[in-house]
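Engineer: Below is one structure. I have some questions about it.
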Amino acid sequence: MAQVWKCSGLRWPAGGGPVLEWDGGRRSALPRGKRVAFAVPEGGVRRCVGARGHACAVRAVVPGRSTGARCEECARLDRAHSVAADTLADDPRPYRVYLAWFGPGLVKVGITAAERGPARLLEQGAVCFSWLGTGPLMAARRTEELLRAALRVPDRIPYAEKRAVRSALPATEAERAAEVRELHARAVALPGWPESLRPAPCDVVDHARAFGIEAALEAFGEVVELVPGGSVGGELVAAAGPDLHLAVGGRGVVVLDTRLMTGWELLPSEPAAAGCAFPVRDFRREPDGLF
């Protein structure tokens, strides 16, 4: 029987490109142009990946479309003591507030531990971003809430919306940075910033080249789940956040969210194979003219 692999996620290590991590510690670098090909064995079952380094006690079966790949109990444990869940009010580390841009009209505010640098922005697929300030966790949280209320800037944007706009990004860094610069200026002019948060000047960092999306990137759709007996094979043309953009032949490029890979036992498939035999949701296109 062929050896199976269990993916533990896509990572963006500091100073390097994206890598797939596998249970056991192995890493697979993902330079553009690399062939990506794998299959789910017939009869395969997707099981909960556990929480905080601990295996799921019941090895629960989880839905194929879940990006978290956790059962209800493990998901609850994973969020315990989480910054996102506001359960770490006493975290002594400094935090940064940022504005992240994913495409025209898609800007969000967020926070990340200062020690992580831009890793959080790469993981989210932010095409460009700028820091707003640095300070204690609760000061960063209050600033985030201030911007949400005063400027109507969300703190979450669904991944599906991020994917859908990547084929329509402005061509230049200046154009991509424009919304971030405008919002940054409005944000720092607001009254009510916490005194303990140190403002940062607007300095927009562009990830388009790192992601491989600096040129127009058309994709016909996205993989919605992995299924037993299915497979995918194609050339990596771009990677943004957790997403791999694979040229699979025929219709062109399909987007694979690598979070859908976790919890499955995977088999390598023929490197020369091209195509996608997993369910795919087509991106909606605007009608051209009256007809």
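The values are calculated or read from the model by the stated rules, or taken from the named source; none is laboratory data. Small disclaimer: the values here were computed from a predicted structure and weren't measured. Here the Cβ is made from the backbone with ideal geometry for all residues, glycine too, and neighbour counts use every protein chain on show. Heads up: the accessible areas ignore ligands, DNA and RNA and are worked out on the full protein's heavy atoms, side chains in. Shrake-Rupley method; radii C 1.70, N 1.55, O 1.52, S 1.80 Å.
Engineer: Taking a probe of 1.4 angstrom, what is the accessible area of His54 in Å², to the nearest 10?
Structural biologist: Its heavy atoms expose roughly 130 Å² to the probe.
Engineer: May I pose another question? Given a 1.4 angstrom probe, I'd like the percentage of the accessible area of the stretch 174-278 that is carbon and sulfur, rounded to a whole number.
Structural biologist: Whole-percent figure for carbon plus sulfur exposure: 55.
Engineer: Based on the Cα gyration tensor of the stretch 2-134, what are the three equivalent ellipsoid semi-axes, each the root of five times an eigenvalue, rounded to whole Å and given largest first?
Structural biologist: Over the Cα atoms of the stretch 2-134, the semi-axes work out to 29, 22, 14 Å.
Engineer: Under a Cβ-Cβ limit of 4.7 Å, which cysteines in the chain have nobody to pair with?
Structural biologist: Cys7, Cys74, Cys128, Cys202, Cys276
Engineer: Could you put Thr67, Thr134, Thr143 in order of accessible surface area, largest first, with the 1.4 Å probe and the full protein assembly present?
Structural biologist: Thr67, Thr134, Thr143
Engineer: When only C-alpha pairs under 8 Å and at least 6 residues apart count, what is the relative contact order of the stretch 1-151, in percent?
Structural biologist: Result for the stretch 1-151 is 15 percent.
Engineer: Residue by residue through the stretch 132-149, what is 3J(HN,Hα) from phi via Karplus (6.51 cos²θ - 1.76 cosθ + 1.60, θ = phi - 60°)? Round to whole Hz and write x for glycine and proline.
Structural biologist: My calculation for the stretch 132-149 gives 10, x, 9, x, x, 3, 5, 5, 5, 4, 5, 5, 4, 5, 4, 5, 4, 6 Hz in order.
Engineer: Now, a different point. Please arrange Glu222, Glu235 by accessible surface area, largest first, computed with a 1.4 Å probe and ligands excluded.
Structural biologist: Highest to lowest solvent-accessible surface, that is Glu235, Glu222.
Engineer: Let me ask something additional. With springs only between Cα atoms under 10 Å apart, run a GNM on the chain and tell me which of Glu21, Glu42, Glu123 wobbles the most.
Structural biologist: Glu42
Engineer: Something else: Can you list residues whose amide H is under 5 Å from Leu132's amide H, if they're 5+ apart or on another chain and H is modeled 1.01 Å from N?
Structural biologist: Residues meeting the criterion, in which the H sits 1.01 Å from N, are Val97, Tyr98, Leu99.
Engineer: Still on this structure, please answer the following. For the chain, divide the Cα radius of gyration by the Kirkwood radius and give the resulting Rg/Rh value with two decimals.
Structural biologist: With Rh from the inverse mean 1/r over Cα pairs, Rg/Rh is 0.98.
Engineer: Which whole-number value in Å² is the accessible area per residue of the stretch 84-155, probe 1.4 Å?
Structural biologist: Value returned for the stretch 84-155: 37 Å² of accessible area per residue.
Engineer: Tell me the mean residue ellipticity at 222 nm calculated for the chain from its helices only (DSSP H runs of n ≥ 4, each -39500 (n - 2.57), averaged over every residue, nearest 500).
Structural biologist: -5500 deg cm²/dmol
Engineer: If I stretch the segment between Asp91 and Val224 completely, what's the gain in nm (0.36 nm per residue apart, minus their alpha carbon distance), one decimal?
Structural biologist: Contour length minus Cα-Cα distance gives 44.2 nm.
Engineer: What figure in square angstrom, to the nearest 10, would you give for the accessible area of Ile157 with a 1.4 Å probe?
Structural biologist: 20
Engineer: If you place +1 on the Cβ of every Lys and Arg and -1 on the Cβ of every Asp and Glu, how big does the dipole about the Cα centre of the stretch 1-142 come out, in debye to the nearest 20?
Structural biologist: So the dipole magnitude of the stretch 1-142 works out to roughly 320 debye.
Engineer: Here's something else I'd like to know. Using only the alpha-carbon atoms of the stretch 1-52 as identical scatterers, what base-10 log of I(q)/I(0) does the Debye formula give at q = 0.18, 0.32 Å⁻¹?
Structural biologist: Computed log10 I(q)/I(0) values: -0.76, -1.36.
Engineer: Further question: Compute log10 of I(q)/I(0) for the stretch 214-276 with the Debye formula, placing one identical point scatterer on every Cα and leaving out solvent, at q = 0.14, 0.26 Å⁻¹, to two decimals.
Structural biologist: Per q value, in the given order, log10 I(q)/I(0) is -0.39, -1.29.
Engineer: To check my understanding: the extent here is largest minus smallest coordinate of the Cα atoms along each principal axis. What are those three numbers for the stretch 22-67, in Å, largest first?
Structural biologist: Ordered largest first, the stretch 22-67 gives principal extents of 39, 27, 18 Å.
Engineer: Between 0 and 90 degrees, rounded to the nearest ten: what's the tilt of helix 173-188 against the longest Cα principal axis of the chain?
Structural biologist: With rounding to tens, the tilt is 40 degrees.
Engineer: Put +1 on the Cβ of every Lys and Arg and -1 on every Asp and Glu Cβ in the stretch 2-62; which of Pro31, Gly15, Gly44 then has its Cα farthest towards the positive end of the dipole?
Structural biologist: So the residue furthest toward the plus end is Gly15.
Engineer: P(r) tail for the stretch 170-291, what percent of Cα pairs lie past 23 Å?
Structural biologist: 52
Engineer: So for the pair Ala114, Ala178, with labels modelled 7 Å out along Cα→Cβ, what separation do we get in nm?
Structural biologist: 3.4
Engineer: Put +1 on the Cβ of each Lys and Arg and -1 on the Cβ of each Asp and Glu in the stretch 128-267; which of Leu236, Ala247, Phe129 then has its Cα farthest toward the positive end of the dipole?
Structural biologist: Checking the options against the dipole of the stretch 128-267, the answer is Phe129.
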